[in-house]
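Everything below concerns the one structure shown next.
The values are calculated or read from the model by the stated rules, or taken from the named source; none is laboratory data. For clarity, every value in this text was computed on a predicted model and none was experimentally measured. Cβ coordinates were reconstructed from backbone atoms using ideal geometry, including for glycine residues, and neighbour counts include every protein chain displayed. Just so you know, the surface numbers come from the protein's heavy atoms only, side chains and all, with ligands and any DNA or RNA stripped out. Shrake-Rupley method; radii C 1.70, N 1.55, O 1.52, S 1.80 Å.
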Amino acid sequence: MAALQLEKQRGRYAALAIAAVVTVVGIPLWWKTTQTYRAWLPFSEISELDSLQLQLSVDIEVVFSRGTLSPEQQKKLPLSHVNEKEHQIDAKTGLRYKYETRYRTATIMEEDALNQPTAAEADLSLHMLTESSCGSVVVYVIPESSTLLPEDMKVYVGQRRTALLRSAPFKPSWSLKEVLSNLDLQVEQVVSTMSFSHQDIVAALSDRVRMPKVTKESMADSMRAIKSSPGYEITFSLLNPDPKSHSLHWDIEGAVQSYIQPLLDKLAPIANFSVDSQILYYAVLGVNPRFDNSVSAYTLSADSLSHVINPVEARLGSNAASSNPVLNFLLYVPDAHHSPLFIRDHSKKEVPSNAFHSPRWGGIMVYNVNKMEHGAESESERPVDFTIDMAKVMGVFLAQLRLMLGLQHTRPPTGFVLQSPGSAGLADWELDRLLWSRSVENIATASTTITSLAQLLDQIGNIVINDNIAEQVSSAVTSLQSAVAELESGNLAFALQYSREAILASERAFFDPSLLHLLYFPDDQKFAIYIPLFLPMCVPIVLSLLKIVSEAKQRRADKQAKRD
């Protein structure tokens with residue numbers, strides 16, 4: 001009897017020991033080794049980015065030349081003036097524009113520069129004296145009687161960051177405050193032309209906020225421009241559908257260096273560009289042009305242009321080694337049986353450039369060779385050699401490239417004259433306008449990406465957050481905060497740099513392969529796997545514990561009965 005009691009006691013101790021080992025060691029070890037690794041993320045800072053309040057600061061310098069202010073007014077001229085405007089786009093996005101205007105009178109050297117015979121020469125001379133910082137605007141106020149500008153011209157905007165403003169007629173009784181108040185309205189128009197407009201900034205926030213009602217032209221401009229990207233691939237293609245009839249020669253390398261590369265050099269702070277070219281033989285359009293007897297030529301209507309791109313695009317190929325957007329520029333030379341070929345717009349008029357563009361894709365130009373030479377040559381003398389006029393072609397492609405990159409033609413107010421950018425293809429103030437919009441667009445896109453990623457990781461607990469993703473997210477948040485701070489300080493170049501770093505880091509984190517949810521088991525699948533493994537082991541342990549508890553209760557009841 002004693003041996004049986006000892007055996008039962010030993011069984012109870014064994015069951016308790018096994019249960020203790022499973023509870024103290026087994027379950028914590030299993031939980032630790034099977035839990036999903038999730039590195040720390042700055043969720044509090046990310047939540048602050050969900051409510052974005054941007055401040056754009058612009059430095060404006062107004063320089064009064066001789067004859068615009070009286071000596072008494074020059075003495076009372078204030079050093080600076082700050083004007084702020086606020087716009088609440090939606091519940092989580094707000095904009096504040098801060099215009100800090102500094103006033104001064106022109107120096108002797110600036111007066112000499114303003115005495116040049118033409119406004120273009122004066123703009124160049126002023127640029128040689130001082131170079132304005134990126135994002136700033138300098139306005140030179142000249143007398144109403146000045147011959148530097150024609151009578152019908154109020155403002156001349158040069159190639160740099162300077163503008164010449166003809167002063168409005170002031171009454172002699174006006175105080176300095178009234179003069180400056182009247183001048184501020186004109187300066188505001190100059191700044192919105194050379195720096196940014198509210199409509200441009202709202203359009204740059206399209207990834208974050210719903211677009212309000214905008215004009216048809218503004219909607220077309222925003223749809224035409226390609227989205228901001230760290231790099232772009234530009235491809236020039238020559239399409240020769242009939243190489244047996246004509247042999248085409250184009251100096252694409254020299255043309256790119258002369259016409260395209262100066263523009264790309266100025267756009268280097270915005271993105272990296274790579275340029276390549278190719279010649280495609282026997283490449284035809286996807287539509288058959290119609291012959292028009294009235295002009296003795298073949299025509300393509302505006303309605304048929306949408307069917308041209310897809311068949312041609314299949315022949316272009318793609319650069320699989322790069323994920324950057326591709327801008328395609330195609331030069332199509334019609335074959336002898338469909339030449340000459342002209343493009344007509346919706347009003348049935350011939351397009352002067354004989355070209356068209358597709359938003360965010362590229363452009364196509366039809367280049368007609370001399371039709372008389374087609375018919376004059378016999379079969380034995382073919383193919384006929386033709387040299388393409390690259391100046392004519394690149395003029396069209398350069399205009400299309402500007403549209404694709406968001407360099408829309410600025411619509412100045414009445415009385416404004418904008419100087420042509422010249423061989424550079426881009427004026428300094430046009431570059432500033434693009435920098436403002438791209439900085440805001442990058443900030444909006446990166447903040448949306450980071451907040452979306454944080455919400456995804458918070459909702460799905462089975463996704464692994466490794467140290468590399470945490471590092472990219474922290475880098476994106478830090479770069480975003482720096483970009484917002486630089487915009488507030490008016491440092492446009494640094495704001496763009498930080499915004500580019502933010503969008504790169506945020507996209508690397510968001511598209512990391514380790515974030516795929518399908519790589520990890522959800523909770524119901526975990527139970528389906530672990531229950532067959534643990535249930536056979538846990539049932540004897542649980543039954544032994546229940547038996548021990550039952551025996552303990554029985555002994556306690558027996559003792560109580562004996563005591564009674």
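So here's what we get for this one:
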| item | result |
| --- | --- |
| Subset of the stretch 11-25 that is surrounded by fewer than 14 Cβ atoms within 10 Å (Cβ to Cβ) and under 60 Å from the mean Cα position of the chain (by Cα) - its residue that is modelled with the highest pLDDT | Val24 |
| Which listed residue, of Ser475, Ser437, Ser423, is free of Cβ contacts under 8 Å to residues at least 40 places away in the same chain, part of a helix (DSSP H, G or I) and either touching a Phe, Trp or Tyr at 6+ places or on another chain (Cβ under 9 Å) or open to solvent by 10 Å² or more (accessible area, probe 1.4 Å) (or both) | Ser475 |
| Test set (1) at pLDDT 85 or above; (2) in contact with a helix residue (DSSP H, G or I) (Cβ under 7 Å, 6 or more places away or on another chain) - Val384 fails condition number | (1) |
| Lone unmet requirement of (1) open to solvent by 80 Å² or more (accessible area, probe 1.4 Å); (2) more than 31 Å from the chain's Cα centre (by Cα) for Thr68 | (1) |
| Where Ala454 falls short, out of the listed (1) more than 30 Å from Arg38 (Cα to Cα); (2) assigned to a helix (DSSP H, G or I) | (1) |
| Within the stretch 120-137, considering residues that are open to solvent by less than 10 Å² (accessible area, probe 1.4 Å) and either among the β-branched types (Val, Ile, Thr) or in a helix (DSSP H, G or I) (or both), the one modelled with the highest pLDDT | Val137 |
| Residue match in the stretch 104-112 (condition: open to solvent by 50 Å² or more (accessible area, probe 1.4 Å), in a loop (DSSP other than H, G, I, E, B) and of a type in the set (Ser, Thr, Tyr)) | yes |
| Criterion violated by Gln554 - all others in (1) surrounded by fewer than 12 Cβ atoms within 10 Å (Cβ to Cβ); (2) under 25 Å from the mean Cα position of the chain (by Cα) satisfied | (2) |
| Filter result for Ala444 (part of a helix (DSSP H, G or I) and either in contact with a Lys or Arg (Cβ under 6 Å, 6 or more places away or on another chain) or crowded, with 22+ Cβ neighbours inside 10 Å (or both)) | yes |
| Matching option when the condition is assigned to a strand (DSSP E or B) and aliphatic (A, V, I, L, M), among Ile60, Ile27 | Ile60 |
| Long-range neighbours under 6 Å by Cβ, at least six apart or interchain, first residue in contact (Cβ under 8 Å) with a residue 60 or more places away in the chain within the stretch 446-466, second among the small types (Gly, Ala, Ser) and surrounded by fewer than 20 Cβ atoms within 10 Å (Cβ to Cβ) | Val464/Ser514; Ile465/Ala39; Asn466/Ser514 |
